[in-house]
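Here, each number is a calculation from the coordinates, and none is a lab measurement. Since we're looking at a predicted model, the values are computed, not measured. Note: ideal-geometry Cβ built from the backbone for every residue, glycine included; neighbour counts use all protein chains shown.
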Amino acid sequence: MLFIGFALLVAVALALLISADAGSLAGLTQDQTGQLIPLVILLIVFAAGAFTQRRRAAELLGSLALWGGLFAVAMLGYAYRDDLSGVAARVFGDLLPGTAIVDSENGTATFRRGGDGHFRIKGSINGAGMTLIFDTGASAVVLTHADAQRAGIDTGKLRFDIPVSTANGTGRAASVTLDRVEIGGIARRRVRAFVAEAHALDTSLLGMSFLETLSRYAVSSNSLELTD
């Protein structure tokens, strides 16, 4: 009974502290304390369950320590949620290079540098998914012959009459206009591009005809940030 009475007193005190009249708790704003109400309720429910069962004092203390620790971890996770989300995003980017870390609120898409030193970016061209290399040296988006076919372009009707320099040497490309290019949730229509002739290019390039439509793009350390 003593433990039950103590638990009830704690519950009442916490309820008073997080009430609208109490204002704030431990330096948190009134809105933040209001968001803690579900956590407090869960703590009270679990504590009540432990106290209503007939257990030895050592088991009760162990249960209290366990739930108290879980509650503390939950509080810390809530307090540092922004930092933890940033760490999680970096880990996600390292495990899945090329996949965008999208911040819809700020209109940004961030990519992590691959092990080969390039930013390999997963995007969509005319609705077809493909990987492109970020390349400010390319005046336009450049598609490999195979990627162009995946994007629904009839390469048999193209005129490969534009000389281009690629990693494989000098080749030729055809000028096209892409219906839609989407990178990390940032979409553009009617994008000028080139299609390289077969075997002239290993990987498609995300060049300036897309990048120049952005309000900003920046490379810092091992990350690339594109801003709509």
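Descriptive notes on the structure:
- Each of 157, 122 was scored by other Cβ atoms within 10 Å of its Cβ. Arranged with the fewest first, they read 157, 122.
- In a simple Cβ point-charge model (Lys, Arg +1; Asp, Glu -1; nothing else charged), the stretch 97-220 has a dipole of about 160 debye relative to its Cα centre.
- Pairwise Cα distances in the stretch 103-194 exceed 23 Å in 27 percent of cases.
- Farthest toward the positive end of the dipole of the stretch 97-227, out of 201, 125, 224, is the Cα of 125, where the dipole comes from beta carbon charges about the Cα centre.
- Listed from fewest to most Cβ neighbours within 10 Å, the set 158, 66, 143, 226 follows the order 66, 158, 226, 143.
- Ordering 130, 208 from the fewest to the most neighbouring beta carbons within 10 Å gives 208, 130.
- FRET E, pair residue 202, residue 106, Förster distance 25 Å, beta-carbon r, rounded to 0.05: 0.15
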